[in-house]
Amino acid sequence: MPIDRRGWLTTFGLGAVTAAAAPRARADEASCPAGDAPLRLQDFRPRSMLHVKETHVPTPRYPVIDVHTHFTFTASETKGVPTGEKVSFTGTGKAALEVMDRKGVKALVNLTGGSGKGLEATLDGLDRAHPARFWSCTEPSYGAWLDPRYPQIQADAIEKAARAGARGLKILKTLGLGLRERLTEGPLVKVDDARLDPMWEACAAHKLPVFMHVSDPEAFFLPIDCTNERWDELGNHPEWSFHGKDFPSHQELMAARDRVLARHPKTLFVGLHVGHNAENLELVSQSLDRFPNFNVETGARIGELGRQPRTARRFFEKHQDRIFFGTDAIPPPAGERTPQQVFKDELYEIYYRFLETEDEYFDYAPAPVPPQGRWRIYGIGLPDGILKKVYHENAERLLGLKS
Ligand SMILES: [Zn+2]
């Protein structure tokens, strides 16, 4: 549910961002504000008057492996920095399997599988209970960050996780934007900090791909003002803003990420959210050209890809062997905080419509829209060969996710 942002708007002095001259809404009176008061931006929900083709795509043309979901989360943390070994489950395997079976999803990668005992609980609850349907990843535990032996402790934890059955390592944006020299205080630890080198190398040694979330949309690093295209989204989640304070810029984070890719050529990296840079596919493309160990997935970014359909289609054609299908789905109730991520049938249908059809100007997320920004998207109508690769072949070949 969208939260009432009035308090937030006042705090940021943004109450003036209203369409004062807009005529009073006529249609859909039930959901439009009554009276002659100026229409507020957050109440403006124009209906498209385009009469264009609408294709319902209930199932994908080929079986799907969704490489980006969150069925468990690390439950113990200090100010957002994961320090413990407990996980909480956001969805049950059985309910999830029903959605998967209806939507042609043969397997899901559960990224935030935790570490140590938490990882064991994840593997018991998902991977071992439903073999080849759920593949879970481990995460670094920063609990020992202050121990001078941390680099080796973390490398050893990777080896143990691989032996237990983890299928990858997930890096949250905590690295670069949350973890600090004294855990939650002091300067931010850089993405390419040398203390993490043994961890990246251990992933190569034990064949665990690294699913990396570094940085966020460019707009999250800019002032939340009337020029910010993600004004609605940041209004719902002001804590997602990385503008000001001592946060690095988006460009600095990308440069640090590239240094990690260069320094660990034997480690396979998956840049989540289209390489964390879906607004700039030219730059993502350059990183893919430069680093053969780099790959990307689509989670929660069809809103970006679908508003540049010609550029996106060329991107898929050029890098068709290194793009994975991902949604960033989170089962309810946790997923309901972010409408573009709720794990349900409609979420998958929108991704299939975007990838398979040339439909025009449709919503990139289930209602209420638009959660990320006020635009709609266009399908890119991928041919069969590319669809098959993106839907499951690339994940089977590069991530070893074979049933
Ligand atoms: Zn995610």
Crossing angle, helix 345-356 versus the chain [Cα axis fit, 0-90 degrees, rounded to tens]: 90 degrees
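Give me Arg167, Arg314 sorted ascending by neighbouring Cβ count inside 10 Å, so fewest comes first. Intermediate values should be presented prior to the final figure.
On the way: Arg167 25, Arg314 14.
Sorted ascending by nearby Cβ count, the order is Arg314, Arg167.
Report the extension gain between Arg61 and Ala34 in nm, rounded to one decimal, defined as 0.36 nm multiplied by the number of residues separating them, less their alpha carbon distance.
5.2 nm
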Residue order, fewest to most surrounding Cβ atoms within 10 angstrom, among His56, His243: His56, His243
Assigned charges on the beta-carbon of Lys, Arg, Asp, Glu; region 91-186 dipole about Cα centre (debye): 320 debye
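Report the calculated FRET efficiency for Glu54 and Ser249 (r = Cβ-Cβ distance, R0 = 60 Å), to the nearest 0.05. If you can, show how the numbers build up before the last one.
Working: r = 40 Å, r/R0 = 0.67.
Here the calculated transfer efficiency is 0.90.
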Max mean-square fluctuation residue, GNM over the chain, Cα-Cα springs under 10 Å, options Arg195, Arg47, Arg353: Arg47
Cα-only Debye scattering, region 74-134: base-10 log of I(q)/I(0) at q = 0.15, 0.19, 0.20 Å⁻¹: -0.48, -0.70, -0.75
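Counting only Cα atoms, I'd like the Rg/Rh figure for region 219-376, Kirkwood definition for Rh. Don't skip to the answer; put the middle values down first.
Details: Rg = 16.1 Å, Rh = 16.7 Å.
Result for region 219-376 is an Rg/Rh of 0.96.
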Estimated inter-spin distance, Arg310 and Thr78, nm [label 7 Å along Cα→Cβ]: 5.3 nm
Length added when fully stretched, Ala367-Ala129, from 0.36 nm per residue minus Cα-Cα: 82.4 nm
Percent of beta bridges antiparallel (DSSP, the chain, rounded to nearest 5): 35 percent
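Between Ala144 and Asp197, what is 0.36 nm times their sequence separation minus the Cα-Cα distance? Round to one decimal in nm.
On the way: separation 53, 0.36 × 53 = 19.08 nm, distance 1.57 nm.
So the chain would gain 17.5 nm between Ala144 and Asp197.
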Förster-model FRET efficiency, 30 Å R0, Ala262 and Thr92, C-beta, rounded to 0.05: 0.10
Over 26 Å between alpha carbons, listed pairs Lys117/Lys266; Lys86/Lys266; Lys160/Lys266: Lys117/Lys266; Lys86/Lys266
GNM top mover of Asp127, Asp43, Asp359 - the chain, alpha-carbon springs below 10 Å: Asp43
Residue order, fewest to most beta carbons within 10 Å, for Ile224, Ile302: Ile224, Ile302
Cα-projected label distance for Arg45 with Arg397, points at 7 Å along beta-carbon direction, nm: 4.4 nm
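With +1 assigned to the C-beta of every Lys and Arg and -1 to the C-beta of every Asp and Glu, and no other charges, what is the dipole magnitude of the chain about the Cα centre in debye, to the nearest 20?
Values: 52 positive and 54 negative charges, 112 e Å.
For this selection, approximately 540 debye.
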Nearby lysines by direct alpha-carbon distance to Lys173 (threshold 19 angstrom, same-chain neighbours under 8 apart not counted): Lys79, Lys190, Lys245
Alpha-carbon spread of region 307-403, three principal axes, descending order, Å: 35, 32, 17
The chain: relative contact order as a whole-number percent, Cα under 8 Å and 6+ apart: 16 percent
Whole-angstrom gap from region 269-316 to region 341-372, using each part's C-alpha centre: 18 Å
Pairs of Cα atoms farther than 21 Å apart, region 95-233, %: 52 percent
Among Phe324, Leu39, Asn394 the positive-end extreme of the charge dipole of the chain (Cβ point charges): Asn394
Radius of gyration and Dmax over the Cα atoms of the chain, both given in Å: 21.2, 66
On Cα atoms only, tilt of 250-263 relative to the major axis of the chain in degrees: 30 degrees
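Quote the FRET efficiency, to the nearest 0.05, computed for Arg290 versus Lys207 with a Förster distance R0 of 22 Å and r equal to the Cβ-Cβ distance.
Working from the Cβ atoms, E equals 0.45.
In percent, what relative contact order does region 202-358 have, based on Cα pairs under 8 Å that are 6 or more apart in sequence? Spell out each step's value before the answer.
Numbers: 193 pairs, mean separation 29.8, N = 157.
Relative contact order of region 202-358: 19 percent.
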Set of aspartates and glutamates near Lys53 by C-alpha distance (under 16 Å), chain-local residues within fewer than 8 positions excluded: Glu349, Glu356, Glu358, Asp359, Glu360, Asp363
Cross-link pairs Lys106/Lys388; Lys207/Lys344; Lys103/Lys389; Lys170/Lys402; Lys103/Lys402 - those with Cα-Cα distance over 22 Å: Lys207/Lys344
Helix 281-290 vs. the chain, principal-axis angle (Cα, 0 to 90°, nearest 10): 20 degrees
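A short reminder: the numbers here are calculations on the coordinates, not readings from a lab. The model shown is predicted, which means the values in this text are computed figures rather than measured ones. Virtual Cβ from ideal backbone geometry, glycine too; neighbours counted across all protein chains shown.
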